[in-house]
Structure formats: C-alpha cells, structure tokens
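In what follows, a single structure is set out as structure tokens and then discussed.
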Amino acid sequence: MRLSTKSRFAVAAMIDLALREKAGPVPLNSIGTRLQISVSYLEQLFSKLRQHGLVDSMRGPGGGYTLGRPAQAISVADIIGAVEGSRALHSDEASEAGEAGWLLTQDLWTGLSQKMIDHMQSITLQQLYEEQHAKGVQVESRPAKQRGIFTQRKPLPVKTTAPNSVFALAGALATKR
C-alpha cells in the first residue's frame with residue numbers, strides 16, 4: 001500500500017468539503033486557501049475524485065464542488081484509491097529475481113497491507129467530519145449570494161472636488177483672488 005502527499009491532501013480536501021458543504025457548493029480556491037494547496041493541484045485531485053463519483057461539480061457563478069454521495073458512504077480507502085489509482089491499495093510485487101528478501105517476507109507485508117486497507121475502509125468521511133466538529137473546528141458561514149436581474153447595485157464612490165493637498169488648496173485660493 002502506498003500513502004503519499006497526494007493522498008493526504010485529497011483526504012484533507014474532502015474533510016474540508018464535507019465541513020462546508022451545507023452552505024452550498026465549495027469553490028476550490030477557498031479550499032486551497034484554507035489548506036494552503038495550489039488550485040491547479042486541487043483541480044487534478046478533484047478531477048480524479050469526480051471520475052470516481054466521490055464529488056460533483058457545478059459550473060458558473062456560485063459553483064464549486066459538493067460530495068457525490070453521502071459522507072457515511074465514502075471511506076478513506078475510496079479517496080486514496082481514487083487519487084492514487086488501484087495499485088495504491090495493493091502490495092507491491094517483487095519485480096526482479098534479485099529481491100530475495102521480498103520472497104522471505106512477502107506474507108508479512110501482504111498481511112500488513114491488507115490490515116491497513118481494511119482499517120481505511122472502516123473509516124468514513126462522516127467519522128472524520130464528526131471528529132473535526134468535536135475538536136471545535138470553526139466553519140465560517142458564507143453569505144447567500146444574490147443572483148438575478150433585481151440585485152442591488154453597489155453604490156458608486158463619492159467624488160469630491162476639494163483639493164487633496166495643501167499645495168492644491170493654496171493654488172485654488174490663489175486663482176480665486
């Protein structure tokens with residue numbers, strides 16, 4: 001079994017998504033800002049997660065990502081398998097005859113790998129979500145975005161004709177005399 005930084009980032013991003021999903025689709029740039037991961041890297045991860053049905057995407061203003069299925073139906077093994085590929089969840093085989101040590105310990109490493117897979121399949125995204133809430137992780141609420149043709153325009157800044165410096169004031173007073 002292989003666990004890489006990619007796997008860690010994917011699991012962390014999915015926890016972040018689960019924490020904030022109730023407020024609507026979560027944009028990747030907000031996940032990237034909170035987790036300090038580049039958006040282009042997150043795009044690669046979420047592309048693989050979407051291909052495996054773990055997340056859904058919405059385009060356009062107010063778009064982002066939501067969970068593709070309930071959090072209790074997504075395991076850590078599902079997330080790692082999606083981003084690392086199917087080989088990540090299986091033990092490595094000896095590729096050359098010179099690796100005699102592998103043959104001697106193959107059963108040990110295969111058994112250990114299987115126990116790790118079983119453990120990761122037993123941990124759901126819902127459990128990780130609940131752990132974060134129990135720790136008191138603060139989830140900021142996003143204001144509802146107003147869309148449509150009847151939204152209020154932002155007020156224009158007030159323009160003044162008053163001088164903005166002492167020299168401009170002196171010049172303005174000198175021209176009036």
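Here, each number is a calculation from the coordinates, and none is a lab measurement. This is a predicted model, so every value here is computed, not measured. Neighbour counts are summed over all protein chains in view; Cβ atoms, including those assigned to glycine, are modelled from backbone coordinates with ideal geometry.
So which of 6/115; 22/115; 48/115 end up more than 30 Å apart, counting from Cα to Cα?
Values: 6/115 21 Å; 22/115 34 Å; 48/115 25 Å.
Pairs exceeding the cut-off: 22/115.
Rank the residues 137, 158, 11 as a footprinting-exposure proxy: fewest other Cβ atoms within 10 Å of their Cβ go first. Intermediate results must be reported in sequence, preceding the final value.
On the way: 137 12, 158 5, 11 19.
Ascending number of Cβ neighbours within 10 Å: 158, 137, 11.
If we count other beta carbons within 10 Å of each Cβ, what is the order of 118, 78, fewest first? Provide the component values of the computation, followed by the final result.
Details: 118 10, 78 20.
Going from least to most buried by this count: 118, 78.
Per residue of the stretch 41-53, in order, report the coupling 6.51 cos²θ - 1.76 cosθ + 1.60 (Karplus, θ = phi - 60°) as ³J(HN,Hα) in whole Hz, putting x for Gly and Pro.
3J(HN,Hα) across the stretch 41-53, in whole Hz: 5, 4, 4, 5, 5, 6, 5, 5, 5, 5, 4, 8, x.
Take residue 170 and residue 126, extend 7 Å from each Cα along the Cα→Cβ direction, and tell me the distance between the two endpoints in nm.
With each label placed 7 Å out from Cα toward Cβ, I get 7.6 nm.
Collect residues whose amide H, placed 1.01 Å from N in the peptide plane, falls under 5 Å from the amide H of residue 55; neighbours closer than 5 in sequence don't count.
50, 68
Would you work out the Kirkwood radius for the stretch 1-64? I mean one over the mean of 1/r across all pairs of different Cα atoms, in Å. Please report the intermediate quantities before stating the final value.
On the way: mean 1/r = 0.0831 Å⁻¹.
It is 12.0 Å.
What ³J(HN,Hα) values, in whole Hz, does the Karplus curve 6.51 cos²θ - 1.76 cosθ + 1.60 give for the stretch 13-20 when θ = phi - 60°, with x put for Gly and Pro?
5, 5, 5, 4, 4, 5, 5, 10
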